[in-house]
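**Q** This is the structure I want to talk about, given as structure tokens.
Values in this text are rule-based calculations from the coordinates and carry no lab data. Just so you know, these numbers come straight off a predicted model, no measurement behind them. Here the Cβ positions follow ideal geometry from the backbone for every residue, glycine too, while neighbour counts run over all protein chains shown.
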Amino acid sequence: YNVDNNDWFDNISAKYYGTPYLWWLIALMNNITNPFEELDPGMQLKMLKKDYIYIVIKEMTEISRL
């Protein structure tokens with residue numbers, strides 16, 4: 001994903017995944033520790049394919065039960 005002007009993680013999540021609540025996944029995928037820092041326009045972000053989100057959430061849920 002190429003960052004546009006004034007993009008924030010929740011905006012990108014809403015555009016790409018259809019919900020603003022997966023912003024943390026984008027930050028995690030890109031090793032960004034401060035999600036409140038402004039993103040530079042033109043910056044390229046790695047995005048997890050939509051098909052894999054369910055798998056990641058399921059795995060995290062199972063891990064949390066340990």
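**Q** Over 5 Å intervals from 0, what percent of Cα-Cα pairs in the chain sits in each interval?
**A** Distribution as computed: 3, 17, 27, 26, 14, 8, 4, 1, 0 percent.
**Q** Of Ile63, Ser13, Asn30, which is farthest on the positive side of the dipole of the chain, counting Cα position, with +1 on Lys and Arg Cβ, -1 on Asp and Glu Cβ, and the Cα centre as origin?
**A** Ile63
**Q** Nearest 10 degrees, 0 to 90: what angle lies between the long axis of helix 50-64 and the longest principal axis of the chain (Cα atoms)?
**A** The angle comes out at about 50 degrees.
**Q** Determine the calculated [θ] at 222 nm for the chain from helices alone, applying -39500 (n - 2.57) to every DSSP H run no shorter than 4 residues and normalising by the residue count; nearest 500 deg cm²/dmol.
**A** -14000 deg cm²/dmol
**Q** Roughly how big is the range 10-66's charge dipole about its Cα centre, with Cβ charges of +1 (Lys, Arg) and -1 (Asp, Glu), in debye to the nearest 20? Spell out each step's value before the answer.
**A** Numbers: 6 positive and 7 negative charges, 57 e Å.
Charge dipole, the range 10-66, about its Cα centre: 280 debye, nearest 20.
**Q** Please report the relative contact order for the chain, taking Cα pairs under 8 Å with a sequence separation of at least 6, and give it as a percent rounded to a whole number.
**A** Relative contact order comes out at 37 percent.
**Q** Across the range 22-33, in residue order, what do the Karplus-derived ³J(HN,Hα) couplings come to in whole Hz, using 6.51 cos²θ - 1.76 cosθ + 1.60 with θ = phi - 60° and x for Gly and Pro?
**A** 9, 4, 5, 5, 5, 4, 4, 4, 10, 6, 9, 8
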